[in-house]
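All of the numbers you see were taken from the coordinates with simple rules; none came from a lab. For clarity, every value in this text was computed on a predicted model and none was experimentally measured. When we count neighbours, we look across all protein chains shown, and the Cβ atoms used for this are built from the backbone with ideal geometry, even at glycine.
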Amino acid sequence: MSNQIQQNSYIAPIKSAQNIYTEIKRFTKDGYSLMPEGNFWLPLGNDMTTSSLDWSIRFHLKLRHLQLLVALDDFRNVGKVATYLHVSQPAISKSLSELEKNMGLKLFQRTAHGMTPTIYGTSLVNYAKKVLTELGKVRDEIHSLSSGVRGKVTVGALPAAALATLPQCIARLKDNSPEIAIEIIEGTMDHLKPRLREGEIEIIIGLISSQLKANDMETILLYEDPMVLATGSHHPLAERKRIKWHELQDIPWILPPHSSIVREPIEQEFRRQNMTLPIDYIESISTMTNIGILQHGNSVAFLPFEVAGYYASLGIISILPLTIPNLLRPIGIMHLKGQSLSTSALMLINTLKTIYIEEKNAALTHQYQGITSGINQTLARDNIPDY
């Protein structure tokens with residue numbers, strides 16, 4: 001009986017080993033010329049056997065190796081990987097060297113662009129992502145079963161999405177399915193993507209611009225959120241019905257960093273208005289920090305319309321009568337390509353699509369058009385150009 005149990009426990013690893021072996025053999029057959037490299041000999045033809053590769057994967061490939069491979073592929077920098085995994089840089093180098101030695105294969109190259117996976121490394125990374133994703137589902141399912149929950153979904157959310165997009169969705173989903181548990185992890189895309197690939201979260205809600213999209217990700221557009229200019233409700237400009245752009249030249253600004261997709265359109269608008277970028281400014285993408293600065297200082301900032309509208313309704317900030325045409329942030333859902341999503345994740349996605357694609361897009365467009373229409377009517381009535 002014990003032998004049968006032990007044999008069954010190896011079925012999945014053996015299949016995984018054979019999958020990886022087949023992928024690697026594809027690059028090392030039919031005279032594909034590979035040369036010795038460093039302390040590693042990249043094997044030709046039949047030098048690599050199924051049994052030796054299976055032995056390496058079953059007995060030397062550990063969970064920490066899979067996490068390391070995925071992290072190296074994500075960050076391409078040993079220092080960043082060490083910080084992310086909370087270990088030292090020498091520990092990262094040692095672990096990678098041990099893995100490469102045990103497999104007899106070079107998995108990553110050090111280049112001018114950082115750590116780059118070889119054909120073998122790419123193959124292993126692809127399977128590592130799948131294994132970590134499935135292990136994450138196993139963890140969540142066992143935890144849910146032990147606590148009496150019928151299902152669970154772990155969601156990564158960018159700060160603005162956590163404030164503006166998720167709350168209504170979660171409230172509706174819990175009304176319809178109270179037995180579903182929902183865990184929300186808030187962070188930046190750089191923080192959330194590795195956790196998505198490692199199976200810690202199933203989906204990400206937030207900005208899904210083409211600049212942030214990865215080849216292994218699927219995206220679903222929910223809505224496009226306009227950016228509006230806002231300031232604290234106490235600010236002298238807060239009660240003004242019309243404002244000229246040049247009045248903002250000497251006012252403190254909160255600007256998105258250069259890496260943000262909305263920075264360039266803002267700079268273009270400054271140039272279009274024959275203005276230089278403000279000297280007195282800070283750079284921040286933290287929604288809550290920006291709201292706090294506006295509330296307690298004299299700055300102005302562009303904010304997502306849904307966020308600005310919420311805090312304006314509380315009397316904390318005011319939306320100013322100036323806009324930049326077509327300054328939109330695409331908000332949506334991101335998950336791994338080919339990933340089998342849990343029932344709970346699918347229910348959350350369907351709820352988001354119902355709210356934003358079927359119901360709320362029209363309402364958002366109507367509200368925003370009401371603001372811009374009021375601005376344009378004021379400018380036309382007083383014969384004031386928009387600058």
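Tabulated data
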read-out: Modelled FRET efficiency - R0 41 Å, His296 with Asn102, Cβ distances, 0.05 increments; value: 0.10
read-out: Cα gyration tensor, the range 149-387 - rounded (a/c under 1.5), prolate or oblate; value: prolate
read-out: Potential lengthening between Glu358 and Glu224 on full extension [0.36 nm per residue; Cα-Cα distance subtracted]; value: 46.9 nm
read-out: Cut-off 15 Å, label 7 Å out along Cα→Cβ of Asn350, residues of the range 159-196 by amide N; value: 172-180
read-out: Relative contact order (percent, whole number), the range 149-387, Cα cutoff 8 Å, 6+ residue spacing; value: 31 percent
read-out: Using a Förster distance of 25 Å, the FRET efficiency for Arg64-Glu186 (Cβ separation, nearest 0.05); value: 0.45
read-out: Stretchable slack from Arg272 to Met288, in nm (0.36 nm times residue separation minus alpha-carbon distance); value: 2.8 nm
read-out: Ranked packing of 309-316, 157-164, most packed first, by mean Cβ within 10 Å; value: 157-164, 309-316
read-out: Among 342-355, 130-143, the order from most to least packed when residues are scored by Cβ within 10 Å on average; value: 342-355, 130-143
read-out: At R0 = 25 Å, FRET efficiency that the Cβ-Cβ distance of Ser177 and Lys337 yields, to 0.05; value: 0.40
read-out: Exceeding the 23 Å Cα-Cα cut-off - candidates Lys152/Lys193; Lys130/Lys353; Lys80/Lys193; value: Lys130/Lys353
